[in-house]
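Below is one structure; the comments refer to it alone.
The values are calculated or read from the model by the stated rules, or taken from the named source; none is laboratory data. In this text, all values refer to a predicted model and were calculated from it rather than measured experimentally. Reconstructed Cβ throughout: ideal geometry from the backbone, glycine too, with neighbour counts over all protein chains shown.
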């Protein structure tokens, strides 16, 4: 399967601020086993479900070719919808191709 043009990581504004000046994006405990990423049409649904207490979220656009690790397109356990998960990697700022603030 070819790589998508972009994948997206949703962060809280606080997480985004905490990683400024660092070589990689800050990740939470939910990303311990693998890093959760989204396709464009999944961003709003994921933000509403997992970031409902945040009035705004930061959507970071990433170039998957610049992500170290293993990018897998798979369903979450017990689910049918496919998501991108990055195993054994991290999100370097060099992979960031765009950033936008989205009202949630």
Requested in this report: Take the residues in segment 76-91 that are exposed (fewer than 14 other Cβ atoms within 10 Å of the Cβ) and modelled with pLDDT of 95 or more, then tell me which one is nearest to the chain's Cα centre (by Cα).
Outcome: 87
Report task. Scan segment 54-104 for residues that are over 21 Å from residue 19 (Cα atoms), outside any strand (DSSP E or B) and out of contact with any helix residue (DSSP H, G or I) (no Cβ under 9 Å at 6 or more places or on another chain) and jot them down. Result -> 76, 77, 78, 79, 80
Requested in this report: Would you mind stating whether residue 5 is loosely packed, with under 13 Cβ neighbours inside 10 Å and in contact (Cβ under 8 Å) with a residue 60 or more places away in the chain?
Outcome: no
**Report entry** Subset of segment 21-40 [free of Cβ contacts under 8 Å to residues at least 12 places away in the same chain and either surrounded by 11 or more Cβ atoms within 10 Å (Cβ to Cβ) or closer than 15 Å to residue 100 by Cα (or both)]
**Finding:** 31
Query - Test: residue in segment 25-39 that is assigned to a loop (DSSP other than H, G, I, E, B) and touching a helix residue (DSSP H, G or I) at 6+ places or on another chain (Cβ under 6 Å) - result: yes
Query raised in the report: What is the residue count in segment 44-53 for residues that are closer than 22 Å to residue 20 by Cα and part of a helix (DSSP H, G or I)?
Result: 1
